[in-house]
Amino acid sequence: MEKNKKREPVKITREVPEDAEKSVSLSGLKNLDIKKLKEITSLVESSNIDEIKFELDDIKISINNLMHTKTSQAPQKTAPENTSKAQEQKPVLDAGSVEIISPIVGIFYSSSAPGDMPFVKAGDSVKKGDTLFIIEAMKHMNRVISEFDGIIGEILVQNEEAVEYDQTIMIIKKD
Amino acid sequence: MFKRILIANRGEIAIRIIRACREMGVDCVAVYSTADKDSLHRKMADQSICIGPPQPLKSYLNIDNIITAAQVTNCDAIHPGYGFLSENDRFVQVCHNNNIIFIGPPSEAIALASNKSKAIEVMKNSRIPVIPGSDGNIADLDSAIKLCKRIRYPVIIKAAFGGGGKGMRICYNQKDLADFFPMARAESEKAFGTGELYIEKYILKPRHIEFQIIADDSGRTICVGERECSIQRRHQKLIEEAPAVNLPSKLSRTIREYAVRAARALKYRSLGTIEFLLDENNNFYFIEINTRIQVEHTVTEAVMGMDLIKEQILISSGEMIENKKEYYGSRGHAIEFRINAEDPQNDFVPSPGKITKCLFPGGPGVRVDTFINTGSIISPFYDSLLAKLIIWDSDRKNAIARSVRALNEFEIEGIRTTIPFHKRILANRKFVEGDIHTHFIEEEFKD
């Protein structure tokens, strides 16, 4: 069936760094509920408000409706016009969550054949060794396998969508 | 004509190709490594695809990812630029197998050109002058003497499996040869385990001149002028000019005819460059053919008033050379300066880092091809070429004056560049007079 070409082992995971907690607190978000923040953000997005700024103790937050949302004190960069998918879909990660990234350029398949059940869907638990998805490139089906046990979080790519190297495909919450 | 082209390159050449595509109304897809995610070529293209990590082998040389990127974005052609996959005959084959047009010559022509001894053989058969010498190993001193009488002194003895100057000896007469031949053999035996030697005519002050050729699918081949690339440092070109400096027009026409003959002998298609060495007595010898667009194509564009990248794309899409092009005239003089991220005060070591300030020259006759700007990060993963400054004026003297003016306007801060070194070259009397050859920099700038 699928044939894995001779490739050196590729890294398909991107973990939240050990000091994630610290880096979050650096940007002043330690005590703020991310869910709350998301709520505020979507409120701003669906409203006519251009920008909302608020302070909480020593935390300053500015959400701006001009170019999607940013939640840090860092200066806001304008997104390039032709932003590629990997850049558009930077997910918010909780500690313990791992991004599964595409190791190659290719076409993403969520199941082994059209119409079949997808290998995984959000909320599924997976075991180490389970197939997560397939990336087709150069007429080869490259099966991407989970490196650990966990629960599937968000899946950021649609079936049969083209993906680039380093693009986040899905999030897995590690057990 | 193509609908969409994937540009399998980065830096200034990727941008150069994007510009040609824009003017032709062709969509372009950029590819980039994770190190280049903020790079200008990516932002300028209609679409961009990340093809791998910073290491070139895993990104810009990653054939699978590049071909797949072309497929998923529905590109009908790939432009390879220069370097990376531009002279990889296997890549051309893979493009062909996947119904993608490679903008360049067929794989057979690339394979033949990259096999130097085979290419030389083809040239000899077509009576194109090559550097005279022994065909392979010289058996003994007697046959060496016989050969050198024929090819005339000076000659250079080289170890067949050598490198780094070991076993190399320059002989100006028969006495030198008699002295050095056994020495070179002993040295080669000691260093490389074999005493095999070959002898070649030694060219004292060689000039590197090259001829731009264009060949369409029907085999019609034209030459659109020459370039002088004698200002080199360790075989890396630093300054290129068009036309060649003080080259008699009759000689230029003669070599052009040989260049066209060389391209035909190799069954060449697309754009290519035939390189010759020119000695002090205006004897010329074929050295090699470059099967890609070259960094210095810009000086030909400046004097010929043409766009070589567009020509290359048109030829690959099956267009035929129009008759008028053969009669294009060269006008004025052009000089290209390679602005590299290198420290000329410290043996030209690479100088990667962040560009804190960048100010480009402008005004009449000034062209800057670059991908940098204030804030750009120069990655240590790729070559050091930051920008090409191309100057055109009515003649060489005026072009030099304009070059001095433009280089003085050019400011790059945060990293070291070759700008100050170019200014020193322009202040050199021999350069200004056109007394140049490939050893010019090592002789004139010994410090």
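The values are calculated or read from the model by the stated rules, or taken from the named source; none is laboratory data. Predicted, not measured: the structure shown is a model, and the values here were computed from it. In this analysis, Cβ positions are derived from the backbone assuming ideal geometry, glycine residues included, and neighbour counts consider all displayed protein chains. Note: accessible area is taken over every heavy atom of the protein model, side chains too, but ligands, DNA and RNA are not part of it. Shrake-Rupley method; radii C 1.70, N 1.55, O 1.52, S 1.80 Å.
In the stretch B:388-406, what residues are within 16 Å of B:Thr298 (Cβ to Cβ) and open to solvent by less than 20 Å² (accessible area, probe 1.4 Å)?
Let us first name the residues in the stretch B:388-406 that are within 16 Å of B:Thr298 (Cβ to Cβ), namely B:388-393, B:399, B:402-403, B:406.
Selection gives B:Lys388, B:Leu389, B:Ile390, B:Ile391, B:Ala399, B:Ser403, B:Ala406.
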State whether the residues of the stretch B:47-62 include one that is farther than 30 Å from B:Ile355 by Cα, charged (D, E, K, R) and either within 9 Å of another protein chain (Cβ to nearest Cβ) or open to solvent by 10 Å² or more (accessible area, probe 1.4 Å) (or both).
no
Subset tally (residues that are surrounded by 15 or more Cβ atoms within 10 Å (Cβ to Cβ), assigned to a helix (DSSP H, G or I) and of a type outside the set (Val, Ile, Thr)) for the stretch B:425-447
4
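Let's see how each residue does on (1) assigned to a strand (DSSP E or B); (2) in contact with a helix residue (DSSP H, G or I) (Cβ under 9 Å, 6 or more places away or on another chain); (3) more than 22 Å from B:Ala70 (Cβ to Cβ); (4) open to solvent by 40 Å² or more (accessible area, probe 1.4 Å):
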{"site": "A:Val98", "(1), (2), (3), (4)": "yes, no, yes, no"}
{"site": "A:Ser111", "(1), (2), (3), (4)": "no, no, yes, no"}
{"site": "A:Lys121", "(1), (2), (3), (4)": "no, no, yes, yes"}
{"site": "A:Lys128", "(1), (2), (3), (4)": "no, no, yes, yes"}
{"site": "A:Arg143", "(1), (2), (3), (4)": "yes, no, yes, yes"}
{"site": "A:Glu147", "(1), (2), (3), (4)": "no, no, yes, yes"}
{"site": "A:Ile152", "(1), (2), (3), (4)": "yes, no, yes, no"}
{"site": "A:Glu160", "(1), (2), (3), (4)": "no, no, no, yes"}
Can you find a residue that is open to solvent by 10 Å² or more (accessible area, probe 1.4 Å), assigned to a helix (DSSP H, G or I), closer than 21 Å to A:Glu161 by Cα and among the hydroxyl-bearing types (Ser, Thr, Tyr) anywhere in the stretch B:24-36?
yes
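Evaluate the stretch B:104-112: report whether one residue or more is within 14 Å of chain A (Cβ to nearest Cβ) and either modelled with pLDDT of 95 or more or open to solvent by less than 20 Å² (accessible area, probe 1.4 Å) (or both). Show your work before the answer.
The initial filter retains those residues of the stretch B:104-112 that are within 14 Å of chain A (Cβ to nearest Cβ), namely none.
For the stretch B:104-112, residues within 14 Å of chain A (Cβ to nearest Cβ) and either modelled with pLDDT of 95 or more or open to solvent by less than 20 Å² (accessible area, probe 1.4 Å) (or both): absent.
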With (1) within 14 Å of chain B (Cβ to nearest Cβ); (2) at pLDDT below 95 as the list, and A:Ser97 as the residue in question, which single condition is left unmet?
(1)
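Go through B:Lys146, B:Lys158, B:Lys124, B:Lys175 for me and flag whichever is open to solvent by 20 Å² or more (accessible area, probe 1.4 Å), free of Cβ contacts under 8 Å to residues at least 24 places away in the same chain and under 31 Å from the mean Cα position of the chain (by Cα). Working first, answer last.
Values: B:Lys146 fails: under 31 Å from the mean Cα position of the chain (by Cα); B:Lys158 fails: free of Cβ contacts under 8 Å to residues at least 24 places away in the same chain; B:Lys175 fails: under 31 Å from the mean Cα position of the chain (by Cα).
After applying the criteria, what remains is B:Lys124.
It is to be established whether one or more residues within the stretch A:85-94 are open to solvent by 70 Å² or more (accessible area, probe 1.4 Å), modelled with pLDDT of 90 or more and not β-branched (Val, Ile, Thr). First the steps, then the outcome.
Narrowing the stretch A:85-94 to residues open to solvent by 70 Å² or more (accessible area, probe 1.4 Å): A:85, A:88, A:90, A:92, A:94.
From what is left, the residues that are modelled with pLDDT of 90 or more are none.
No.
Is at least one residue of the stretch B:394-411 assigned to a strand (DSSP E or B), in contact with a strand residue (DSSP E or B) (Cβ under 8 Å, 6 or more places away or on another chain) and among the aliphatic types (A, V, I, L, M)? Quick ask: steps written out before the conclusion?
Step one: list which residues in the stretch B:394-411 are assigned to a strand (DSSP E or B), which gives B:411.
Narrowing further to those that are in contact with a strand residue (DSSP E or B) (Cβ under 8 Å, 6 or more places away or on another chain): B:411.
From what's left, among the aliphatic types (A, V, I, L, M): none.
No: the stretch B:394-411 contains no residue that is assigned to a strand (DSSP E or B), in contact with a strand residue (DSSP E or B) (Cβ under 8 Å, 6 or more places away or on another chain) and among the aliphatic types (A, V, I, L, M).
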